[in-house]
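Chemist: This structure is in structure tokens; I'll ask about it shortly.
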Amino acid sequence: MKSLKTQDVHDARRKVEAIAEQLGHRKVKERVDFSFRRFALDTIEADRKKVQRGERAATLVKDSEWILKKYLTERIGAVDIRKVDYQRMQEVVDELTDLELKSTSIKRIMVLVSKTLKTAVRAGVLSHVPMMPEISLKHRTRGWFSEQEYDRLLQACRDHEKAKTKVRSQTVGSELRRFIQFMVETFMRPSDVKLLRHRHVEIVRTNRTQYLRISTDFSKTVATPIISMPGAIDVYEEILKEQKANGFGGPDDFLFLPRYTGRKFAFELLRRQFRVVVESAGLSVSATGEARTIYSLRHTAIMSRLISGDAIDLLTLARNARTSVEMIDRFYAKHLTAEMNVEQLHGAKLAFAD
């Protein structure tokens, strides 16, 4: 009882109970749920009461519950709602678009996101609702990196590696740069790459070329093998070399951040580091106003093939990127300019030229 500065048993008991009560309150504070899903459920519950009062259609609650379960819980359900900003919402829109959802469907999903953010504002958790991504019926090109911008992005990665920059206590290392290179060389979706293990990857070398054959069974769409660009082999072998030096690189080890079994956490680390590097390189927004997210790496892979792929047919590109010809045409091919394909434009000699 000396530590409680009293010799009275009853007084000591009261002090212990007071301390326990204080600790209890502290634990309650620590357990406060700020997740997006929690506020989405609060929003749906508020709508349920409006339905009961006859102020809203009976289908509102059912539709919102379905949207939350099917499209939002996996993507941002566990994210602290105070971290759901414009960039994060743009990533959600990018992924939903990549699932080939119509603009009207994406708008419905983002309405629930907006309502959820307003619920957090009313609860005093947010001071305001962040700017929402624009979803237009007119198909705009995706935010991608030109060849020069891609070089700047990789150089920014190297600069942060050298400076040992820390993002949320995690040092930016070579893994982020390898991730960026791998994405651009393979056409893969970020959501697929985060689950990729070494057993899914096969190195193929022939007399004419070399590539990675990537076969998975967890893709959001089709699960046909992906054939990488030749440069992916060098990137993959570097990843394998670094991992084996650190006790990883086995068939069941993940390609990126294998030390973390929680893949949502691992992907969040890469996403945060990617954002810091992109912002430091002045590449957050394209010259035409499109926001750059981690999905921009996939867009870059597809656009680079359209620009310099020597008249690659859209069906081959679409199948390899696990998407449709319609998606390639709507969001990529239609936005090519003459200057982007200047070599092909100049390659055809005019009949009346000397």
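Read the figures in this text as sums done on the coordinates, not as results from a lab. Source: prediction; values computed, not measured. Reconstructed Cβ throughout: ideal geometry from the backbone, glycine too, with neighbour counts over all protein chains shown.
Chemist: So what is the diffusion coefficient of region 94-191 in µm² per second by Stokes-Einstein at 37 °C and 0.692 mPa s, using a Kirkwood Rh over Cα pairs?
Modeler: Result for D is 194 µm²/s.
Chemist: For region 194-243, which chymotrypsin sites (Phe, Trp or Tyr not before Pro) pass both filters: DSSP loop (anything but H, G, I, E, B) and at most 13 other C-beta atoms within 10 Å?
Modeler: Counting only loop positions with at most 13 other Cβ atoms within 10 Å, the chymotrypsin sites (Phe, Trp or Tyr not before Pro) in region 194-243 are Phe218.
Chemist: Mind jotting down the distance between the C-alpha centroids of region 264-338 and region 228-260, whole Å?
Modeler: 23
Chemist: If I stretch the segment between Ser284 and Lys166 completely, what's the gain in nm (0.36 nm per residue apart, minus their alpha carbon distance), one decimal? Mind dumping the intermediate values first?
Modeler: On the way: separation 118, 0.36 × 118 = 42.48 nm, distance 1.92 nm.
Full extension from Ser284 to Lys166 adds 40.6 nm.
Chemist: Which loop-located trypsin sites (Lys or Arg not before Pro) does region 185-214 contain, where loop means any DSSP state but H, G, I, E or B and the Cβ has at most 14 other Cβ atoms within 10 Å?
Modeler: Arg208
Chemist: Do the alpha carbons of any pairs in Lys166/Lys264; Lys115/Lys166; Lys241/Lys264; Lys50/Lys115; Lys194/Lys244; Lys162/Lys194 sit beyond 22 Å of each other, and which pairs? Please report the intermediate quantities before stating the final value.
Modeler: On the way: Lys166/Lys264 19 Å; Lys115/Lys166 34 Å; Lys241/Lys264 25 Å; Lys50/Lys115 14 Å; Lys194/Lys244 19 Å; Lys162/Lys194 25 Å.
Violating the 22 Å Cα-Cα cut-off are Lys115/Lys166; Lys241/Lys264; Lys162/Lys194.
Chemist: With point charges of +1 on the Cβ of Lys and Arg and -1 on the Cβ of Asp and Glu, referenced to the Cα centre of region 36-122, which listed residue (Leu72, Gln87, Ser114) lies farthest in the positive direction of the dipole?
Modeler: Positive-most Cα among the choices belongs to Ser114.
Chemist: Within region 44-78, report the GluC sites (Glu not before Pro) that DSSP leaves as loop and that have at most 14 other Cβ atoms within 10 Å.
Modeler: Those satisfying the criteria are Glu55.
Chemist: Here is a further query. I need the shape label for region 147-343. Rule: rounded when a/c is under 1.5, else prolate if a/b > b/c, else oblate, with a, b, c from the alpha carbon gyration tensor.
Modeler: Oblate is the answer for region 147-343, as a/c is 1.5 or above yet b/c matches or exceeds a/b.
Chemist: Taking every alpha carbon pair in region 182-279, what does the distance histogram look like in 5 angstrom bins from 0, in percent?
Modeler: The distribution over region 182-279 is 2, 12, 22, 24, 22, 12, 4, 1, 0, given as percents.
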